[in-house]
Structure formats: C-alpha cells, structure tokens
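The values are calculated or read from the model by the stated rules, or taken from the named source; none is laboratory data. As the structure is a computational prediction, the values presented were derived from the model and not from experiment. Here the Cβ positions follow ideal geometry from the backbone for every residue, glycine too, while neighbour counts run over all protein chains shown.
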Amino acid sequence: MRLINAETLKLEEFPDGETPIYAILSHTWGSDLEELTLRDVEEGEIDKPGIGSAKFRGCCQQAKKDGFGYIWIDTCCINKTDLVELSEAINSMFRWYKRAAVCYAYLSDVPGDENPRKDGSKFRTSRWFQRGWTLQELLAPRRLVFYSLEWRPLGTKVQLGAVIERVTGIHRLFLKGVNDLQSASVAQRMSWAAQRDTKRKEDLAYCLLGIFGITMPMIYGEGGDRAFFRLQEQILRSTRDHSILAWGLGGESTGDLAQSQARGFLAAAPSDFANSGHIVPRNRSTAYLDSLEISGGSLHVSLSLLATSAETVGLINCGPEGDAQQVVGIPLMKVASGGPDEYIRPRGCHSVIRPIINSDALRKPIHIRNDNGPDTQLSRQQGWIYDDSDFADAHLELVDVAPRSSWDEERAVIMSTTEPEGNAHPTLVRLRHYDGASRDFILILEFKQQGAHAEAHYCIAICSRITLLTDIVGNLQYITRQVSGKRRASNGLLNLQLILERNAGRPMFTIKPKAMRYPPYSTVDVTVELQKPHLTLEIEGMLHAQKRWDELQHIDYDEESGELESIYGQLPLLWASENGHTEMVKLLLDNGIDVAAANNGKRIPLIAAADKGHADVVRLLLATSGTDVNVKDSESGRTPLSWAVERGHETVVQLLLEKGASITVEDRDTCTALLYAAGMGHNIVELLLGNGAAMNNDDTAWRLRQTLKGHEDSVLSVAFSHDSKLLASGSSDDTVRLWDTATGQLRQTFEGHQNDVTSVAFSHDSKLLASGSDDNTVRVWDTATGQLRQTLEGHQNAVNSIAFSHDSKLLASGSDDNTVRIWDTATGQLQQTFGGQPYINSIAFSHDSKLLASGSNDKTVRLWDTVTGQLRQTLEGHEDVIYSVVFSHDSKLLASGSVDKTVRLWDTATDARGLHK
C-alpha cells in the first residue's frame, strides 16, 4: 500500500501488515488537469494550478496537526494506468478507508462560514453527497471529519448525523457504527446509492463492492448495466435476502414514476431502489430460508403468487420496516412458450406492497427468466401510438409528455404509467400548432379498468404556451374533473377531435387527429382554470381526493373576482366546521378567513362544530385569535358549551371548559349549560361541576408572565431550579440558556455541545446544572459562574434523560445506547452502568436516592438499586414505548406514561404492582 509522508510529501510503499497509522482523504474529483497523479507526486510536481494541490497540501497539514505521519489520497496513491493494480485497489478501497485512523472529507463547494445544520445550507447540497465513491467513504471510516474549501472543520459525521441522515436517507445508527453495515437489507443499501452518480457508468456498481462485502474483477467497457448485473449476481450467491428483488416500488407521488431500464428479474441501476429504503427482510419460518439461485439464465425461488385477471404478483420475503403485516409483491407474467412454472418480470410494471399471506401452502417454486420476452413492454403494457405524419398533416407537433418517462421517443409510443395500486395514472400530452400565436392543446389520456378489460379514455383542453405542464400535473385531479367528457376543443385556428384506433390483440391505441369544420360548444382553457384562487383549487382537490362528488357540485365562486363564495350556500368555514373537514378548516384559517363570521347573521363555525361534536375542528377554532368561547347564536342565545353538553360531546365540553367557557351563561329561555346537561341525563354534569368553579373564577385565571426569546432553534427541554429562581432551557441550537424567573433576563448561555440538547436538570441545591445531548455527552455547569465543570463521556449514542439524586451526590443519564449510567457529581467518575434496556427515554431517582427508575422503548419500567447496581424489578403492562417516569415525593408510588395512551401507577412498597392505568 502506498502512503504519502505528510512531512516529506514523498510516496512510501508498505507491505500488508506493516502499514503505519494513516489519515485518508475523501473528496470529489475536479478536472483531470488539476488533480495530482501518482506520477506528479513521484516527480515532485505537487504545485499544479487548481484544486488538486490545495487538497494535497491541506490534507498533509491537517494530518500533521492531528499527529499522523502518513496520508492516503486515491488520485496520488494508485497507478490508474495499471489495470491489475486499479482492480486490486478498487476491491480493497472499503478496507483501506475502514482501517484509517481518520477520514478527512474535503468539500470544495462548501465555504468555511457555512452552518451545516441550517436549512438550505451548501453543506446539504454539496456534490460530495451526490457521487458514488463517496458513499463507501462516508460509511467505512470509524471517524470522519468534514472540512470546508478553506480546510475549516465543519463537524464529524457523528455530530452531523441528523443532517446527514436527512440528506442521504442513511439512518444515523449506521453512520455512527452502532448498527453493523451488513445488518442493513440489500434494498436499503442500494437505496443509499439511488441518487448518486459516477463519471464512468461501471463505477456505479464497482463503488458498492465494499458496502456489500463483495469482490469481483473490473471490466471497464462492459457498460453500467452489465457491471451492476454482475454485482447483483455476486450478492445473490452470498445472501438469502429477498429485498434484492424489491426494486421498482412507487414513491409517495405516482405522477412521475421512474421508468426502469431493467430487462429481467434484477435491477438495472441503484436508482431502481430509490423508494426501497424502508424495505427489510421478513423471517417468518424456516421455509423462507430458501436460497436465491441463478441457473441457466433463470432465478429459482419459492414465492406465494397472487393472480388476477389483470396481473400476477409474487410475494417476496421482505416488506416495510414499520409494518410487519405487509410484504413486497413483484410483477410477474407467465411465459407462453415456457414451462408451467416459468415466468418473466415484465418491463414497465412496478413492484407493490401487499398484505402478508400467512399460509405457506400457497408458495410454489418458480423460475424467473432474466429477460422480459419479445417486446414485452409493447405486447402487454397499455399505451398510445403517436404517428408524427398524421399530426403534421394537422399542423401539430408533440412538444411535451408528463410523466416524461411515459414517452418512448424512439418507438413513438406513449406508455401508460402504472401506480403501485395497479391503476393507470393519467398521461398528459402537449400538442403545439405551427402558428406561433395560438394556444396549445392538452390531451389527458387514461386507461380505466372495466372488469377484465381496460378501456381507453381521453379528453382535450387548451392552454397558454407559457403555462407549465408541471403546474397542470400539480392540479391534475381538479383539471381532469373540469375537462371530463370534452372530446373536442378549439384554439381558434384548429377545431380538434381525436380518434382512437385499437390495435388487434393488445391494449394499444393509435391516436389520430381530425379537424372539424365547426368549433365545439365549449372549450376548457386550463390556464384560466389555474388562475382561480389557490384556496378554491385546494378545497376542490380535497373533496375530489375524498370522492365527495356531490359536494363538489355546490362550490360557488365569483367568476369575475375568482373568490370562493360558498359551499352549499353556506360560508366556507361554517360549512367545513359543521361537516368535520378538519384539514379544510385549517386551510381556511391559515388563509385568514374570519373565524367569527356568521351565516346570515346566525350560526357561527364554533357553535356548528360544537353542536356536531367535531373535537379536532373545535380545537383549531379555539386556538385561533378572535374566537369567543362564550359567543351566543342570534336565534336562541345559546353558547357552544350549551350545544355540546346537550348533545353529549364530552371531549368538546372538556376543550371548551379548558378555554374558560362559562357554565352559568343563560340563553333566551334562561337555561344554562348545566341545566341542559341535567335535563338530558348526561354524565357531563359531573364534568361541569368539577370544572365550573375554577373556570369561572377570574382570580385564578392563568396569565402569560413572560416569553423568553433567544434560542435559534427548537427548545427541547426546560427545568426550574429547586428554589424556583432560575429556569434552564435546552435547544436544538446546541446551547443551554439560564433565565432569571423574576425578570425574564438571560443569565447565562452555555455552549459546547455539538448536537441537540435534549434534557436539562438542576442539582437540588441549584448550584449545578446538567445537560444531556445527542452528541452522546453529559455536561455539568456551574450556575453561578457559567463555567463548565465536567464533561461526562462514555455513552455511545444520544443522551435522552438526566436526573440528579436528591442529595445531589449522584447524576444519572439514560441513552439510546441502551444503558443508564450513574456518575459521581463531585469527581465525574462513572459509578454504575445499567444495561440491557433498549432506547432509554426517561429516568428518575426515588427521593431517598436508593432506587432509580428507567422507561424505554421495550415497553417496560425497570427499577435499579443505585448502591449495588442490581435490577430490583421489571414492571410490565404498557403496550407501547414509555416516555416518562416519576416518583411521588414519599417514593411510595411510581408513575409511567406511554405512547399506549395510558399512565400507570405502581406501588413501590408492594413489589411495584400496578395500581391504576
């Protein structure tokens, strides 16, 4: 292995087993004229103009600063003209990066003053995150530090884990090395490379060798698809992970599903796994431990098959990580000329998510050929044939198609895009007249399944030449409804009609234009439709998505002003509130609709929602400025509370009472809310009596004392000192702030954490403040001087909770690394480590400091003896993650709160048996 001496800047070569400690560089290559080569370094030509010399010298200087004598840079340490050496280097690359003491990731397109955590930062959009080779350079090293153009440190991959996870889709546990890389599914690892590219297409496969623990010879010139196929062949020989077949899944939006170039059972490129990052293996039974074997050009596998008149889907042994009841189904088609168990994976059809089938009896061994038959895409998939000469005769040309992947320009075929659910997605075609001043024609083409047959549907509209097709796609549901049934259109120069001619034996139609003598009665102008206010379009889109067709017919807007006027003759907010359209209510409120507007001077939205029991709507309205909780309707003089109690809507009643609704306000018949409740015989009487006194006592009303501003990001934790004179706050801006509760003034800002501050806690004498962070550390601060007293290191993952013992001699910390640690506050020494409980979210000391409780993701509370370190009790009963635990002041009771929507009380004096929930 060649290394560069950081002091002499000369190359030195070391045999295996004698390699010294070295630093390694990760970077993106610039121009070949600027990069330093092996020959340049051998000849001492290290000061070429351009970025290459800056990287070389900067890396050497940083290594010396860090105490390393040697560095490795790919451009300088590999003889790329020797194909044998190059092949060996590529197969060894992952191992070299893993063995390095540190990896310097040099981001030449990121300035030194950049804050990587800021939304829109150049760090997040750096070219480094888009290149294929840098993926293994991110994952392999134990320690990786990012540097800017000026060689200023930006942070480590652990410190910036949350940002990198959002940019790359790689879970931070893999970035930190907590989760072994090989524990990620094949589909997950492939998805990490889906948005990356390489200069040579073959390298997109070769750069993944180390990530999959594979070695294979380099054959430059074989093409990217062939190289990627060989990679998958090698992976199949060493895995039983079915997720290697889980490519071609649709994303959240099916409007532009990528058209894979795969022609068999294996993917054509990592991009085919773009939507498979959440797919993991399912281990249901030993029957599913069959190996995946390639023989004679076919894949041999046992699958459950779901066959309908329209499709056959093979259920493979993997599925969404968050839903164990779902698996991936891959599209299959029986080979007409093959054996009874011979299938192909047809090109252009997407994988789907389907419910799991528990019976192994439906599984059968099949062979999937590594091709998709003669012109499978044309012989089976639905679409339209475009004849350019026919349209040229009508002075029209095709200028755009959406989604673009539907347009096979070489064959002049518009393919129908299939959604994950199996339905065909509408395809838009834009036609332009040769006359430069005319409007364009928009064709909306769609297949609709009618039993076993697919019927072709189309409609025509016009639009301005400057209207973007993407804008039409963004409002496609609304536009389709407006254009539905329009088979003719006129742009003023041409009166156009379409004729669809079916091709025998296949669902393909030839589109033929026909010029009409007279224009149609009406033509829809999509540009005009899009000029309707955004609010109207969104509301119509909501109703359309919910298939509330009748309600759509009763939306009225002013044609001249374009303003939304009414729905079913009612004011929009009133109608949405009365009918429980929570999202629509939010949309209207966000657009400044008057929350108190009444319909014909009578009913208002809050009363309508309270009457109907729409609690989520009531909650939105009460949170809006200008809402009067005791407002009366003009007809009966009744309040929202009066209507809610009469109808028995207990949740709504509670919401209104919490906002100060009066139980004694009388309506025109001198009836109060309490009287209505009693008259109807509801249990709400008890609720009113229990809340009424406090709610009507103005002297006890809560008032805002202070708003403490200064943090630059979300506040994640707050804590009062035990003398109530100080308030501490921990934030995602990586700081802790200390406030004076009497004046609201900022007393101290504690800086030093390298990630979110998730928890803060005062010692009981208020002299110390502890903070826990996602940077895996606990820091202890002096509240009087603001000085950092101690940094407690040892956790291997984020610290979620901290707590002082009541004598302040001990400090406990709970972490995502599955441990609770007990520290001596005087010395900072680690006293105890309690392990075996995953993702600890909350900890608490008993008031005699003898017990420590911890709640975690495993749905249990554990009680630990702080003196001996022994586990005293495991409290079971919760059905989901536990986020909070606390002891009563006499330590006889322990409370725990969980995602399962319960609080459980445990009796610590009687073996911690559950009392209530």
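Of 201, 157, which residue is out of contact with any Ser or Thr (no Cβ under 8 Å at 6 or more places or on another chain), crowded, with 22+ Cβ neighbours inside 10 Å, modelled with pLDDT under 95 and of a type outside the set (Gly, Ala, Ser)?
Just a single option satisfies the conditions, and that option is 157.
For the stretch 504-515, indicate whether the set of residues that are farther than 24 Å from residue 407 by Cα and either at pLDDT 55 or above or assigned to a strand (DSSP E or B) (or both) is non-empty.
Of all residues in the stretch 504-515, those farther than 24 Å from residue 407 by Cα come to 515.
Okay, now just the ones that are also either at pLDDT 55 or above or assigned to a strand (DSSP E or B) (or both), so 515.
Yes, some residue in the stretch 504-515 is farther than 24 Å from residue 407 by Cα and either at pLDDT 55 or above or assigned to a strand (DSSP E or B) (or both).
Name the one entry in 317, 372, 283, 358 that is assigned by TED's automatic domain parsing to the domain that holds residue 268, modelled with pLDDT under 80, closer than 29 Å to residue 170 by Cβ and of a type in the set (S, T, N, Q). Before the answer, list the steps.
Numbers: 317 fails: modelled with pLDDT under 80; 372 fails: closer than 29 Å to residue 170 by Cβ; 358 fails: closer than 29 Å to residue 170 by Cβ.
After applying the criteria, what remains is 283.
Filtering the stretch 749-769 down to residues that are more than 15 Å from residue 160 (Cα to Cα) and among the charged types (D, E, K, R), which residue is farthest from the chain's Cα centre (by Cα)? Talk me through it step by step, then tell me what you get.
Our first condition is that a residue be more than 15 Å from residue 160 (Cα to Cα); within the stretch 749-769, this holds for 749-751, 758-769.
Checking the rest, the ones that are also among the charged types (D, E, K, R) come to 751, 765, 767.
Working: 751: 30, 765: 43, 767: 42 Å.
Here the residue is 765.
Across the stretch 576-625, which residue is surrounded by the fewest Cβ atoms within 10 Å (Cβ to Cβ) among those that are β-branched (Val, Ile, Thr) and modelled with pLDDT under 80?
The residue in question is 593.
Any residue in the stretch 45-52 that is out of contact with any Asp or Glu (no Cβ under 7 Å at 6 or more places or on another chain) and surrounded by 13 or more Cβ atoms within 10 Å (Cβ to Cβ)?
Checked the stretch 45-52: no residue is out of contact with any Asp or Glu (no Cβ under 7 Å at 6 or more places or on another chain) and surrounded by 13 or more Cβ atoms within 10 Å (Cβ to Cβ).
So which residues in the stretch 506-522 are over 17 Å from residue 413 (Cβ atoms) and hydroxyl-bearing (Ser, Thr, Tyr), if there are any at all?
If the condition is that a residue be over 17 Å from residue 413 (Cβ atoms) and hydroxyl-bearing (Ser, Thr, Tyr), then 518, 521, 522 are the ones that fit.
Only one residue in 222, 165 is within 27 Å of residue 99 (Cα to Cα), surrounded by 14 or more Cβ atoms within 10 Å (Cβ to Cβ) and outside the structural domain of residue 266 (by TED's automatic domain parsing), so which one is that?
On the way: 222 fails: within 27 Å of residue 99 (Cα to Cα).
The match here is 165.
When you go through (1) free of Cβ contacts under 8 Å to residues at least 40 places away in the same chain; (2) assigned to a helix (DSSP H, G or I) one by one for residue 214, which number turns out not to apply?
Answer for residue 214: the failing condition is (2).
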